[in-house]
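Taken together, the values in this text are just the output of simple stated rules run on the coordinates, not laboratory data. Just so it is clear, the model here is predicted, and its values are computed rather than measured. Here the Cβ positions follow ideal geometry from the backbone for every residue, glycine too, while neighbour counts run over all protein chains shown.
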């Protein structure tokens, strides 16, 4: 009996020694655990970059397969969207979706939604650029926790596969555009489609993210990254086939805050769709891009609706502090 009591006491002591909410993983193991991230209205939110058991308990409440919404815009309905519902072929056929045209897919960032600045800038910009299908992904019900972007990205990939298979559209004609956390989600969606998507643009991919789930160069046939707040809200290192570092990747002209820098990635992309003109100079290394000391002969235009398939490298350019941002 005494032996049993001793064992029970030892067991209780070992359980009591465990933290109440064990940490499973660390998004930013060498940086600060807690940091402020601003939402689309600029309101700061204190975010814990360490993943805990309680986070995994909350995660199942968000199901991207049922909670995500997909809004179709075309030149026939540029202001009022048409909802697309996975596995409802009748809704897809009754919509303005045209499988013979290119399709742009927009994925917002942390705490974003359908009226995020990212969407309000890029939907009209893409429709002005060409007669295309624009699908806005609203994963706002899960965007309170950035890591929901992993499950959402996989779900987006499955929905895009269903749209392509049902309509006869070619995935090579799809362009996925993601911002911040949504940039990594765009990569995950492309990865789910085995890199068959023609073009992915990652706009200032979020720095606080799992290394194993970072945006990758092979997530699409051609991948491009625009860095505007490198080393703060956005990652510093190159991630795509081609990486652009406007103004050295941070400190955008006309901006006084990191959030403004972060936003500029999609403002530059929107202008590139409408009028183009962002010409980058090739760099030997990304440190040269950060320092603006690029002197290689190659040049390449940043952004736009047409993928630069086959191109590789790192590029630097200078922008204006107000629209038009491109210097030509």
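Normalised by the number of residues in segment 145-231, what is the relative contact order in percent for Cα pairs under 8 Å and 6+ residues apart?
Taking the mean separation of contacting Cα pairs over the length of segment 145-231, I get 29 percent.
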_For Cα pairs less than 8 Å apart in space and 6+ apart in sequence, what is the mean separation divided by the residue count of segment 197-328, i.e. the relative contact order in percent?_
25
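Taking every pair of distinct Cα atoms and averaging 1/r, then inverting, what Kirkwood hydrodynamic radius in Å comes out for segment 34-240? Display every interim value, and only then the final one.
On the way: mean 1/r = 0.0589 Å⁻¹.
It is 17.0 Å.
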*Distance (nanometres) between label positions extended 7 Å along Cα→Cβ at residue 211 and residue 274*: 4.1
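Against the empirical 2.2 N^0.38 Å scaling, what ratio does the C-alpha Rg of segment 89-150 come to? Intermediate results must be reported in sequence, preceding the final value.
On the way: Rg = 13.3 Å, N = 62, 2.2 N^0.38 = 10.6 Å.
For segment 89-150, the normalised Cα radius of gyration comes out at 1.26.
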*Starting from the Cα-Cα distance between residue 306 and residue 79, subtract it from 0.36 nm times their residue separation and give me the gain in nm to one decimal.*
79.3 nm
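Let a ≥ b ≥ c be the square roots of the eigenvalues of the Cα gyration tensor of segment 281-328; is it rounded (a/c under 1.5), or, if not, prolate (a/b larger than b/c) or oblate?
Details: a/c = 2.32, a/b = 1.10, b/c = 2.11.
Oblate is the answer for segment 281-328, as a/c is 1.5 or above yet b/c matches or exceeds a/b.
Rounded, prolate or oblate: which fits segment 192-328, taking a ≥ b ≥ c as square roots of the Cα gyration tensor eigenvalues, rounded meaning a/c under 1.5, else prolate when a/b beats b/c? Please report the intermediate quantities before stating the final value.
Working: a/c = 1.37, a/b = 1.21, b/c = 1.14.
Judged from the Cα gyration tensor, segment 192-328 comes out rounded (a/c under 1.5).
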*Point-to-point label distance, residue 21-residue 166, nm (Cα→Cβ direction, 7 Å offset)*: 3.9
*Sort 255, 283, 260, 294 so the one with the fewest other Cβ atoms within 10 Å of its own Cβ comes first.*
260, 255, 294, 283
*Measuring from centroid to centroid over Cα atoms, what is the spacing of segment 172-195 and segment 247-321 in Å?*
20
*Using the Kirkwood formula over every pair of different C-alpha atoms, what hydrodynamic radius in Å results for segment 131-248?*
14.1
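Fewest Cβ neighbours within 10 Å first, please rank 177, 79, 127 accordingly. Walk me through the numbers on the way to the answer.
On the way: 177 27, 79 8, 127 20.
With the fewest neighbours first, 177, 79, 127 line up as 79, 127, 177.
What ranking do 207, 21 get, fewest neighbouring Cβ atoms within 10 angstrom at the top? Display every interim value, and only then the final one.
Working: 207 20, 21 12.
With the sparsest Cβ surroundings first, the list reads 21, 207.
Using only the Cα atoms of segment 57-134, build the gyration tensor, take square roots of its eigenvalues as a ≥ b ≥ c, and label the shape rounded, prolate or oblate: rounded if a/c is under 1.5, else prolate if a/b is larger than b/c, else oblate.
Numbers: a/c = 2.59, a/b = 1.33, b/c = 1.95.
Because a/c hits 1.5 or more and a/b fails to exceed b/c, segment 57-134 counts as oblate.
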